[in-house]
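The values are calculated or read from the model by the stated rules, or taken from the named source; none is laboratory data. Quick caveat: nothing in here was measured; it's all calculated off a predicted structure. Reconstructed Cβ throughout: ideal geometry from the backbone, glycine too, with neighbour counts over all protein chains shown. What goes into the accessible areas is simple: the full protein's heavy atoms, side chains included, and nothing from ligands, DNA or RNA. Shrake-Rupley method; radii C 1.70, N 1.55, O 1.52, S 1.80 Å.
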Amino acid sequence: MSQEEDNKMTDRWQKDADGILIFTGLFSAAVATLLAVSIQDLRPNSQDISAFYLAKIYQLLADPNVSHALTLATPATPPPFSPPRYAIWVNSLWFLSLVISLTCALLATLLQQWARRYLTVTQPPRFSPHKRARIRSFFANGVEKFHLPLAVETLPTLLHVSLFLFFSGL
């Protein structure tokens, strides 16, 4: 009876983890791709800097009345760069979403490994039924002590938080 319950419990957890892993893999790939594109807004554009220096060179060469010694003594510096506020917010939300999604994938993988290990440890065929019952009781108490069912139920909630952060960044 307990063996059937353990099999059902771990099978349910493994199936949940499978679905979570598939979704987090696809979602994380999409977020990472968009993040790689949007992170460019946080850096100064090299074309703008090149255009600034080319304009300065053109001004020096185009105006014959300006003393070249005077203009060379004061080096031209491009205006300071500060990324737009929206770019900071979007990238922060998307990065946080990616981190939560990858954390969820890690936890789902650990859950799968734990479920497989739980079955192999609690159902060894070489021990007597009394010894198996004691081992299973020990591990079942651990499941309750560490609130593992709550942790399993938290994984989809983490995914929802990750999705909410991602959509907030759109």
Roll a 1.4 angstrom probe over the protein heavy atoms and tell me the percent of accessible area of the chain that is carbon or sulfur. 66 percent
Once you've got the GNM for the chain with C-alpha springs shorter than 10 Å, pick whichever of Asp16, Asp63, Asp41 has the biggest mean-square fluctuation. Asp63
To the nearest 500 deg cm²/dmol, what mean residue ellipticity at 222 nm is calculated for the chain from DSSP H runs of n ≥ 4 alone, each contributing -39,500 (n - 2.57), summed and divided by the residues? -28000 deg cm²/dmol
Candidates Leu21, Leu60, Leu35; GNM for the chain (alpha-carbon contacts under 10 Å) flags as most fluctuating Leu60
So which helices of the chain fit the span-like rule, where a helix is a whole DSSP H run, its Cα atoms reach 15 Å or more along the axis, and its mean Kyte-Doolittle is at least 1.0? 148-169
Express the relative contact order of the chain as a whole percentage, based on alpha carbon pairs under 8 Å and six or more residues apart in sequence. 38 percent
Given the candidates Ser50, Pro84, Phe95, the one whose Cα lies deepest towards the positive end of the charge dipole of the chain, counting +1 at each Lys or Arg C-beta and -1 at each Asp or Glu C-beta, is Phe95
Cα-based Lys pair tally, the chain, threshold under 26 Å, eight or more apart or on separate chains: 4
Run the quick spin-label model on Arg134 and Ser38: label points 7 Å from Cα toward the beta carbon, then report their separation in nm to one decimal. 5.7 nm
Sorted by accessible area with a 1.4 angstrom probe, largest first, how do Leu26, Leu155, Leu148 fall? Leu26, Leu148, Leu155
To the nearest 0.05, the calculated FRET efficiency linking Arg85 and Ser46 through their beta-carbon distance, R0 being 22 Å, is 0.50
Using r as the Cβ-Cβ distance of Tyr58 and Leu170, and R0 as 45 Å, what FRET efficiency do you calculate, to the nearest 0.05? 0.65
Electrostatic dipole magnitude of the range 68-170 [Cβ: Lys, Arg +1; Asp, Glu -1; Cα centre; debye, to 20]: 840 debye
Any idea of the accessible area per residue across the chain, 1.4 Å probe, to the nearest Å²? 70 Å²
Please calculate the 1.4 Å probe accessible area of Ser46, with all protein chains present, and give it to the nearest 10 Å². 80 Å²
